[in-house]
Amino acid sequence: FTGIDWDVDGTMTTLIDAHRVREAIVVAISNTPLRTNEYWPAKAIPADALPAEQRAQLLSDGYLRFIVEELKPAIDATYRTNPSRENTLVMGASLGGLISAYAMSEYPDVFGAAGGLSTHWPANDGAVIDYLAAHLPARRTHRFYFDHGTATLDAGYAPYQQRMDAVLREHDWREGREFMSREFPGAEHNERAWRDRLHVPLEFLLGR
């Protein structure tokens, strides 16, 4: 997105060679110029909060249908996959963290875990947190990973992440087993920072 890659392949290779994660196929979906419209969870916005013409521009539900009904079946048909929910994970950063959490709440039979690095909870003052509070998947069969830094855009994320963590605890999700929430002091809101800590969510979500 900004010309710096996450080095997912390098981190995965290192972790697999060290037997710290299971082998997995990584499917990287390109950003598009409509990224914000595609990643903002449409159902999290109250019905009376947006005019009809603006709501029509929210594409997240169609984006998730594309992943579930077109992309995943194509991958499963082409590669040697384990297509089960337990072996299907989704992860992103910033708005990508929002759409990943939304994906698992909307398709709990497809995704068994979701990760959000520097999840952009402040959008619409945490509306997605409120939505997830009412639409969490079953805790014993699903896992969440969330984190944030403390610099640049991430500097304002802590109160929102604490709010999301409280929602999970109130619903009896077990920290360290069914969800993980981490703060990285000094980390900024960019791909370099996400690359540097990528091993943490991968080990939690794909650990042996």
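The values are calculated or read from the model by the stated rules, or taken from the named source; none is laboratory data. Just so you know, these numbers come straight off a predicted model, no measurement behind them. All Cβ positions, even for glycine, are placed from backbone atoms using ideal geometry, and neighbour counts span all protein chains on display. For the accessible areas, the whole protein counts, side chains as well, though only heavy atoms, and no ligand, DNA or RNA atoms are used. Shrake-Rupley method; radii C 1.70, N 1.55, O 1.52, S 1.80 Å.
So here's what we get for this one:
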item: Residue under evaluation SER100, criteria (1) open to solvent by less than 40 Å² (accessible area, probe 1.4 Å); (2) touching a residue at least 24 places away in the same chain (Cβ under 8 Å), criterion not met; result: (2)
item: Complete set of residues in segment 77-101 that are part of a helix (DSSP H, G or I) and either more than 17 Å from VAL167 (Cβ to Cβ) or β-branched (Val, Ile, Thr) (or both); result: ALA77, THR78, ARG85, GLU86, ASN87, LEU95, GLY96, ILE99
item: Single unsatisfied condition, THR119 versus (1) touching a helix residue (DSSP H, G or I) at 6+ places or on another chain (Cβ under 6 Å); (2) among the hydroxyl-bearing types (Ser, Thr, Tyr); (3) open to solvent by 60 Å² or more (accessible area, probe 1.4 Å); result: (3)
item: Failed item, numbered, when LEU206 is tested on (1) free of Cβ contacts under 8 Å to residues at least 60 places away in the same chain; (2) within 27 Å of SER84 (Cα to Cα); (3) open to solvent by 10 Å² or more (accessible area, probe 1.4 Å); result: (1)
item: Candidate set: segment 14-24, residues that are in a loop (DSSP other than H, G, I, E, B) and open to solvent by 90 Å² or more (accessible area, probe 1.4 Å); chosen: the one nearest to LEU202 (Cα to Cα); result: ARG20
item: Criterion violated by ASP125 - all others in (1) open to solvent by 60 Å² or more (accessible area, probe 1.4 Å); (2) modelled with pLDDT of 95 or more; (3) not aromatic (Phe, Trp, Tyr) satisfied; result: (2)
item: Yes/no for GLU191 being open to solvent by less than 50 Å² (accessible area, probe 1.4 Å) and touching a residue at least 40 places away in the same chain (Cβ under 8 Å); result: yes
item: Matching residues in segment 102-157 - criterion: being aliphatic (A, V, I, L, M), over 30 Å from ARG192 (Cβ atoms) and in a loop (DSSP other than H, G, I, E, B); result: VAL110, LEU136, ALA138
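Residue-wise test of (1) in contact with a Cys (Cβ under 7 Å, 6 or more places away or on another chain); (2) basic (Lys, Arg); (3) within 17 Å of ALA123 (Cα to Cα).
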position	(1), (2), (3)
ASP9	no, no, no
THR14	no, no, no
ASP17	no, no, no
THR32	no, no, no
TRP40	no, no, yes
ALA52	no, no, no
LEU58	no, no, yes
GLY62	no, no, no
ARG65	no, yes, no
